[in-house]
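In what follows, a structure is listed as structure tokens, so that the remarks can point back to it.
The values are calculated or read from the model by the stated rules, or taken from the named source; none is laboratory data. What you are looking at is a predicted structure, and each value in this text was computed from that prediction instead of being measured. Accessible surface areas use protein heavy atoms only, side chains included; no ligands, DNA or RNA. Shrake-Rupley method; radii C 1.70, N 1.55, O 1.52, S 1.80 Å.
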Amino acid sequence: MKKGEFGVLQDNFLEVYDKFKLEFFRRIFELVREREGSLTAMEAFSIEIIHALNEPTIGRFAEFLNISQSNATYKVNSLIKKGYLKKQNSDTDRREYHLVLSEKYYNYTDIMRSYVKTVLGRIENSFSPEETELFSNMLMRISAEMMPEAGSFE
């Protein structure tokens, strides 16, 4: 798809989205250098999905990715072994457990999310409080109302 093919709004949105993706990928590759305990790129994506799903069960994680339960279990066990994830028994059903992110994950994610913080700081410094609040409200509405395919992460 060439720039200008679908209009200015789409071009502008895709440019911002692509810049976030590229910076995300750059940081993932900086973090996943080949060393013991390092995340592979696929594991980095998996842990981000688990974070977004907010302590899912393995079944929920597998369902979201449309993969088998055994494939999901393999990915989860690797993340547990590397110290990024823990299993926590459900309060309601002791046979079920939830995937809980570890302190090691939060150390990793601070590095990953620093670019978002940088860009948001620049937005707050460049736009009025009213414009920033409008932008925030637009993002909430886009997430809540205009992206049903992505599901709810709560």
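Considering only Leu134, Leu85, Leu101, the Gaussian network model of the chain with Cα springs below 10 Å gives its largest mean-square fluctuation to Leu134. Mind checking which of Phe45, Phe24, Phe135 has the largest fluctuation in a GNM of the chain, springs on alpha carbons under 10 Å? Maximum among the listed residues: Phe135. Taking amide H as placed 1.01 Å from N in the peptide plane, the amide H of Ser102 sits under 5 Å from that of Leu85, Lys86, each at least 5 places away or on another chain. When the Gaussian network model of the chain links Cα atoms closer than 10 Å, the mean-square fluctuations of Val116, Val76, Val16 top out at Val16. Compared with the direct C-alpha span, the chain from Glu96 to Thr40 gains 17.5 nm at full extension, assuming 0.36 nm per residue. Only protein atoms count toward the accessible area here, which uses a 1.4 Å probe; on the chain, the carbon and sulfur part of that area reaches 56 percent.
Pairs exceeding a 25 Å alpha-carbon distance, out of Lys75/Lys117; Lys87/Lys117; Lys19/Lys117; Lys21/Lys117: Lys75/Lys117; Lys87/Lys117. Considering only alpha-carbon pairs that sit under 8 angstrom and 6 or more positions apart, the relative contact order computed for the chain is 19 percent. Here the Kirkwood formula, the inverse mean of 1/r across different C-alpha pairs, assigns the chain a hydrodynamic radius of 17.9 Å.
Mean residue ellipticity at 222 nm, helices only, the chain: -21500 deg cm²/dmol; runs of at least 4 DSSP H residues each add -39,500 (n - 2.57), and the sum is divided by the number of residues. For the range 63-154, just say rounded, prolate or oblate: build the C-alpha gyration tensor, square-root its eigenvalues into a ≥ b ≥ c, call rounded for a/c under 1.5, and beyond that prolate if a/b exceeds b/c, oblate if not. Since a/c reaches 1.5 and a/b is larger than b/c, the shape of the range 63-154 is classed as prolate.
For the pair Tyr115 and Phe64 in one chain, pulling the backbone fully straight at 0.36 nm per residue adds 15.7 nm over the alpha carbon distance. Amide H to amide H, with H built 1.01 Å from N, Tyr97 comes under 5 Å of Ile58, Ser90, counting only residues 5 or more places away or on other chains.
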